[in-house]
1. Output the residues belonging to region 153-183 that are aliphatic (A, V, I, L, M), under 16 Å from K15 (Cβ atoms) and surrounded by fewer than 17 Cβ atoms within 10 Å (Cβ to Cβ).
2. How about region 149-158: which of its residues are more than 15 Å from E59 (Cβ to Cβ) and free of Cβ contacts under 8 Å to residues at least 12 places away in the same chain?
3. Tally the residues that are more than 13 Å from I20 (Cβ to Cβ) and either assigned to a helix (DSSP H, G or I) or among the hydroxyl-bearing types (S, T, Y) (or both), restricting the search to region 32-46.
4. With the condition kept exactly as written, say whether any residue in region 68-87 is at pLDDT below 95 and crowded, with 20+ Cβ neighbours inside 10 Å.
5. Among the listed residues F63, F49, identify the single one that is assigned to a helix (DSSP H, G or I) and under 30 Å from Q102 (Cα atoms).
6. Being of a type outside the set (D, E) and within 25 Å of A163 (Cβ to Cβ) narrows it down to one residue among V92, V34; which is it?
7. State whether the residues of region 11-34 include one that is surrounded by 14 or more Cβ atoms within 10 Å (Cβ to Cβ), at pLDDT 95 or above, more than 21 Å from H174 (Cα to Cα) and under 17 Å from the mean Cα position of the chain (by Cα).
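The values are calculated or read from the model by the stated rules, or taken from the named source; none is laboratory data. Note that the structure is predicted; figures quoted are calculated from it, not measured. Cβ placement follows ideal geometry from the backbone for every residue including glycine, while neighbour counts extend to all protein chains displayed.
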Amino acid sequence: MRPTDDLREEHRAVKLMLKILDSICKDIEAGRDVKQEHLEKLIELMKIFVDKCHHTKEEAYLFPEMKKAGIPGAEELISSLLQEHKRGREHVSRIEEAVSGQEWDRADSAMVKNSRAYIQLLTLHIEKEDNELFPRADAYLTPGIQKELLESFEIIENEEIGAGKHEEFHMLLHDLKDIYLKP
């Protein structure tokens, strides 16, 4: 397994989360009930799984190794990805603010607006990483560096996030999928 395989797997979970969030926005816009608890759990997933885990793997480990390797075009690409991480954090902060202030259940709420912007941002961001960043990392990073990256990723999951937390988030996504993504 390569470090990019691990990150791509996390992207699949993030894309599912974005579909669930989109469905929740549609429910709010249609005046259907959405549980605040579900929104709070999604915010936790955004802050811990997406940002503290996934983005930390990239920012603290993958990006520096790619810069060190002198990969053509990596510097500019990484700079734009870092800006997108920052914008994502800003959207999540506004979503959290609206939910904690219990001002989220209207179609024109800050929660819905920022959720829509977050969905759009991350959808394009994931596409850029999957199609531009990861192929470069796969082509240029040595097997030794890739092994070290995987070990660093494991440490983040177990020590920074907490053993079993990854699986807990996947279970949450499965449960919310059953509620909000009915066929």
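1. Correct list: L181 only.
2. Passing the criteria: E151, E154, N158.
3. Residues in region 32-46 being more than 13 Å from I20 (Cβ to Cβ) and either assigned to a helix (DSSP H, G or I) or among the hydroxyl-bearing types (S, T, Y) (or both): 4 in total.
4. Yes, because at least one residue in region 68-87 is at pLDDT below 95 and crowded, with 20+ Cβ neighbours inside 10 Å.
5. Working: F63 fails: under 30 Å from Q102 (Cα atoms).
Only one candidate passes the filter, namely F49.
6. Only one candidate qualifies: V92.
7. no
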